[in-house]
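Below you'll find the structure, written out as structure tokens, and then a few comments.
The values are calculated or read from the model by the stated rules, or taken from the named source; none is laboratory data. What you see is a predicted model; the values in this text were computed from it and never measured. Cβ placement follows ideal geometry from the backbone for every residue including glycine, while neighbour counts extend to all protein chains displayed.
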Amino acid sequence: MQHPDLGSKTAEEFWEDIYGNASSQTSGRPSKILARFAEHRPPGDALDLGCAKGDDAVWLAKQGWQALGVDISNAALRIATENAKRNNVADRVAFQQHDLSRSFPSGAFDLVSALFLQTPFDFPRAAVLQRAAAAVRPSGLLLMATHQTYAPWSWSDPDATGPSAGERLAESGIDVSQWRQIFVGPVHRMASGPQGQHAGVTDAVVALKRL
């Protein structure tokens with residue numbers, strides 16, 4: 001996939017076009033990273049940043065969590081809302097529109113998930129992650145992931161290598177003395193592309209438990 005031509009679009013307009021033209025179908029499966037680190041945690045309040053079509057938020061609700069999903073695109077949130085209704089968890093999931101570079105949901109959470117907040121626009125990642133960290137309650141989990149290697153259909157150069165999990169954690173500016181590091185490292189997985197392609201990729205994953 002070539003890097004998109006942004007033209008004069010704002011980030012909100014860009015993602016609104018992406019999801020406005022997307023199928024309303026979803027995978028029906030959570031992120032493997034989310035399932036790995038959250039599956040056996042006691043349910044509480046969860047925040048899913050960049051929720052897209054809502055599969056992670058819906059899965060959390062099915063596990064007994066009260067989930068809040070946020071995304072920049074109202075088109076994505078409409079799909080996510082129907083996803084929750086279809087799975088009979090609309091009473092356990094709420095969705096809000098936020099451009100995280102400008103606004104952030106209020107409240108405190110037992111789990112904050114910030115998985116693959118990838119965008120072709122300038123994005124204040126460290127500031128957003130610091131706000132995410134501040135929203136985690138004591139003993140709560142902060143889960144972060146970015147691409148360390150890229151699939152051939154990615155906007156990024158598939159031969160490039162992104163920062164490691166340790167580098168991402170350092171870049172975030174999060175005070176690690178306030179956290180127990182559950183996992184900081186690479187996770188390898190098989191990714192699926194928009195035309196059914198498959199490729200092995202590596203993610204930089206950080207899972208922290210607030211002390």
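What the table below lists for this structure:
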item: Filtered residue count, the stretch 111-157, keeping only those that are among the hydroxyl-bearing types (S, T, Y), outside any loop (DSSP other than H, G, I, E, B) and farther than 17 Å from L211 by Cα; result: 3
item: Pick from the stretch 168-199, criterion free of Cβ contacts under 8 Å to residues at least 24 places away in the same chain and within 19 Å of S27 (Cα to Cα), ranking: surrounded by the fewest Cβ atoms within 10 Å (Cβ to Cβ); result: G196
item: Positions within the stretch 135-167 being modelled with pLDDT under 90, aliphatic (A, V, I, L, M) and surrounded by 15 or more Cβ atoms within 10 Å (Cβ to Cβ), in sequence order; result: A151
item: Where a residue in the stretch 84-95 is farther than 14 Å from D55 by Cβ and its partner, wherever it lies, is part of a strand (DSSP E or B) and modelled with pLDDT of 95 or more, with Cβ under 7 Å and at least six apart; result: R92/Q66; R92/A67; A94/L68
item: Any chance S164 is touching a strand residue (DSSP E or B) at 6+ places or on another chain (Cβ under 6 Å) and either under 20 Å from R36 (Cβ atoms) or of a type in the set (S, T, Y) (or both); result: yes
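Yes/no matrix, rows are residues, columns are (1) over 20 Å from A35 (Cα atoms); (2) out of contact with any strand residue (DSSP E or B) (no Cβ under 8 Å at 6 or more places or on another chain):
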{"position": "S139", "(1), (2)": "no, no"}
{"position": "A151", "(1), (2)": "yes, no"}
{"position": "S154", "(1), (2)": "yes, no"}
{"position": "D159", "(1), (2)": "yes, yes"}
{"position": "I174", "(1), (2)": "yes, no"}
{"position": "W179", "(1), (2)": "yes, no"}
{"position": "Q195", "(1), (2)": "yes, yes"}
{"position": "V205", "(1), (2)": "no, no"}
{"position": "K209", "(1), (2)": "no, no"}
